[in-house]
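Here the structure is laid out as structure tokens; the discussion comes afterwards.
The values are calculated or read from the model by the stated rules, or taken from the named source; none is laboratory data. The structure presented is a predicted model; accordingly, all values stated were derived computationally and were not measured. Heads up, the Cβs are rebuilt from the backbone with ideal geometry, glycines too, and the neighbour counts pull from every protein chain shown. Just the protein is used for accessible areas: all its heavy atoms, side chains included, with ligands, DNA and RNA removed. Shrake-Rupley method; radii C 1.70, N 1.55, O 1.52, S 1.80 Å.
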Amino acid sequence: MSLQLCHLVSKETIAVGSEFPIILLRFSNGQESDRVEVDPGLAQSLKLYNAKTGRKYSPVHVTGDGFTLGVKIYEGGKMSEYLRTAKIGDQMWWKAKPAHKSSRRRASGRNSVGLIAMGIGITAVLPVLERELSTNPTSKVVLLYCNRTSQDEVWVEKIKTLSETHTDRLTFTRHLTREAVKATDSEEHISHDRLTPDVLAKYFAGWDPRDSAFQVVGSKSQKRAVGRALGEMGFKQDLVVRKGLF
């Protein structure tokens, strides 16, 4: 697919107190002939370019004439620094991964679904979660959302609402690895453990590998570590690390 022109139409910081802020950026291509056809949550399915560089992202939301990205701002990051200072109306270019084969893979059809989001990975996992809950009425879903502190988290209230709506289907646990344990913390919803093999076993041991699927979104090293741990439990490591759930 050739490069398509787009422009920034809205910009919002959604993780203000974090060491690395997260901004939500809405882009419009402004032309009906250049419709955006890509699945929200599909890992690194859309590449955004400016005059000097380009980077792959996982869209949070997609409409026919535009898309929304969640971007973590790293000091010294070429694209993230550019987006941090971008102004409404600024023009960029985008190119999407073809949606046909990938989109078919994104329907789990399984009874047990594990979603693991590391930090900014929630921007890819949330659309997957919403799709799973709305299109696969029989599945049971476990979502582990991992950050250093609560200031790094986004969309927690939205996920809590989904959990309350789907009480019998969705188990949601926040893992905060650098925040002191508080007496008011609910063990059901907040953990201060790292995702070691023993911790993962608490959630997924006993699941039938033939009827389970996983989506792990994070750095390569994080995905490999989780993949190895799940592989030791009998799940297919290659599917977890490279192909993911859908």
Checklist entry - What about Lys87, is it surrounded by fewer than 18 Cβ atoms within 10 Å (Cβ to Cβ), in contact (Cβ under 8 Å) with a residue 40 or more places away in the chain and among the charged types (D, E, K, R)? => result yes
Checklist entry - Which condition does Asp211 not pass, out of (1) at pLDDT 90 or above; (2) under 19 Å from Ala124 (Cβ atoms), if it passes all the others? => result (2)
Next on the checklist: Test of understanding: among Thr171, Thr165, Thr161, Thr177, which residue is open to solvent by 40 Å² or more (accessible area, probe 1.4 Å), over 20 Å from the mean Cα position of the chain (by Cα) and among the β-branched types (Val, Ile, Thr)?
Outcome noted: Thr165
Checklist entry - Just for the range 22-67: of the residues that are under 16 Å from the mean Cα position of the chain (by Cα) and at positive phi, which one is modelled with the lowest pLDDT? => result Gln44
Checklist outcome for this item: Scanning the range 112-130 residue by residue, those open to solvent by less than 10 Å² (accessible area, probe 1.4 Å), assigned to a helix (DSSP H, G or I), closer than 19 Å to Thr161 by Cα and not β-branched (Val, Ile, Thr) turn out to be Ala124, Leu126, Leu129
Checklist entry - Would the range 134-144 turn up any residue that is crowded, with 18+ Cβ neighbours inside 10 Å and either part of a helix (DSSP H, G or I) or within 13 Å of the chain's Cα centre (by Cα) (or both)? => result yes
Checklist entry - Is there any pair with a first residue in the range 163-180 that is within 15 Å of Val113 (Cα to Cα) and a second that is open to solvent by 100 Å² or more (accessible area, probe 1.4 Å) and in a loop (DSSP other than H, G, I, E, B) whose Cβ atoms are under 8 Å apart and which are 6 or more apart or on different chains, and what are they? => result Thr173/Glu188
Item to check | Residue within the range 93-101 that is under 25 Å from Thr196 (Cβ atoms), open to solvent by 20 Å² or more (accessible area, probe 1.4 Å), modelled with pLDDT under 90 and touching an Asp or Glu at 6+ places or on another chain (Cβ under 7 Å) present | outcome: no
Checklist entry - Quick check, is Ser186 among the hydroxyl-bearing types (Ser, Thr, Tyr), out of contact with any helix residue (DSSP H, G or I) (no Cβ under 9 Å at 6 or more places or on another chain) and modelled with pLDDT under 90? => result yes
Next on the checklist: Going residue by residue through the range 164-177, is there one that turns out to be out of contact with any His (no Cβ under 7 Å at 6 or more places or on another chain) and at pLDDT below 90?
Outcome noted: no
